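Peer 1: Before we start, here is the structure in question, set down as structure tokens.
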Amino acid sequence: MAENIRRSLQDINLGDDDEPFVLPADVVRQAEEENRFILIGHPVMPRKQNLRAIVASMPRSWGFECLVRGRIIEHRRFQFVFPSVEAMDTVIRRGPWAYADRMLVLQCWTPLMDMAMLNFIPFWIQIRGIPLQYMNRTVIVNIARVLGEYIQMDYNEEVGSRMEFVRVRLNWNVNNPLKFQRNFQFTPRVNTLLRIQYERLRGFCETCGMITHDSGACLIQNGGADQNDEDNDSEGDNADVELVPNQGVLIEEIIEESDEVADADNEAEGTTWRLKQNL
């Protein structure tokens, strides 16, 4: 508490009327060059996912330990700075990612980035049950756009008739509930139930389909109990962390890895959740 008060006292505006100091252009260019490739994100269940542990463990899980630098920033977000665009693209391509059996939001950062993008996770989903006579790329795209924000598909017309499912990649808004079955009408008044499977999905509410809380915190099921869950390990993330302003963003660079993340490799690797019925 005392430390928080001392920090608050330093937020007063003494000095903001002083003449601005212009940083040398070469210094600024060097900093920009070193921080070009950044992923920014946040945990979908902050009370269940420790920020310090995420920042310390994820580079190791990606195979980039000592190459990727992690930082905690304001609004319970984090950044990872990559040495190259190839390394960053590798992480994106292998995603989505999870920590502590709950999903992480990760997006490429740009100076003009729309922060609303931090509500989206790119998921590969499998769509099962499309009648063979309607199987083509146009139908698949139309179905995908009903389900979410379409990105791309993985479909080969030559082997389409032998496939059990088609794969599409969607930018999924974490504020929307997951859907595992949807009815579509290929002909009027005739429903065809399609089944949906999210690849590498971890941790969601089985009552309402949201990935931003567990079933124990679901308002539908029990009015949102679990707010003081003893499993919460993130309240102390900023209690002993000195945050330093950097271009208007508060950051903290994590250097040492804590004992609580020793098993992060297994926790960070996503697996596929399968619908228990009708799959």
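Peer 1: Filter the GluC sites (Glu not before Pro) in region 31-90 down to the DSSP loop ones having no more than 15 other Cβ atoms within 10 Å, then list what survives.
Peer 2: Glu65, Glu74
Peer 1: Got a sec? How would Met115, Met88, Met153 order by Cβ neighbour count within 10 Å, fewest to most?
Peer 2: In increasing order of surrounding Cβ atoms, one gets Met115, Met153, Met88.
Peer 1: Taking amide H positions as placed in the peptide plane 1.01 Å from N, state which residues far from Cys218 in sequence (5 or more) or on other chains have amide H under 5 Å from it.
Peer 2: Amide H neighbours of Cys218, under 5 Å, 5+ apart: Gly224.
Peer 1: Filter the GluC sites (Glu not before Pro) in region 135-227 to those in DSSP coil with at most 13 other Cβ atoms within 10 Å of their Cβ, and list the result.
Peer 2: Those that pass, being in a loop and sparsely packed, are Glu157, Glu158, Glu164, Glu206.
Peer 1: Something else now. Applying the Karplus parametrisation 6.51 cos²θ - 1.76 cosθ + 1.60 with θ = phi - 60° to the phi angles of region 46-57, what ³J(HN,Hα) value in whole Hz is obtained for each residue in order, glycine and proline being reported as x?
Peer 2: With the stated coefficients, region 46-57 comes to x, 6, 10, 10, 6, 5, 4, 5, 4, 5, 6, 9 Hz.
Peer 1: Can you list residues whose amide H is under 5 Å from Phe186's amide H, if they're 5+ apart or on another chain and H is modeled 1.01 Å from N?
Peer 2: Placed amide hydrogens put Thr192 under 5 Å from Phe186.
Peer 1: Fewest first, what order do Cys218, Cys66 take by the number of other Cβ atoms within 10 Å?
Peer 2: With the sparsest Cβ surroundings first, the list reads Cys66, Cys218.
Peer 1: Which chymotrypsin sites (Phe, Trp or Tyr not before Pro) in region 1-101 pass both tests, a DSSP loop state and at most 13 other beta-carbon atoms within 10 Å?
Peer 2: Answer in residue order: Phe21.
Peer 1: Ok, one more. Output wanted: per-residue J couplings in Hz (rounded whole) for region 34-40, from phi through Karplus 6.51 cos²θ - 1.76 cosθ + 1.60, θ = phi - 60°, x for Gly and Pro.
Peer 2: Once rounded to whole Hz, the list reads 6, 10, 6, 10, 10, 9, 10.
Peer 1: If amide hydrogens are placed 1.01 Å from N in the peptide plane, which non-local residues have theirs closer than 5 Å to the one on Trp172?
Peer 2: Ile121, Phe123
Only the coordinates and a few stated rules stand behind these numbers; no lab work does. These numbers come from a predicted model, not from an experiment. Note that we place each Cβ from the backbone using ideal geometry, even for glycine, and neighbour counts take in every protein chain shown.
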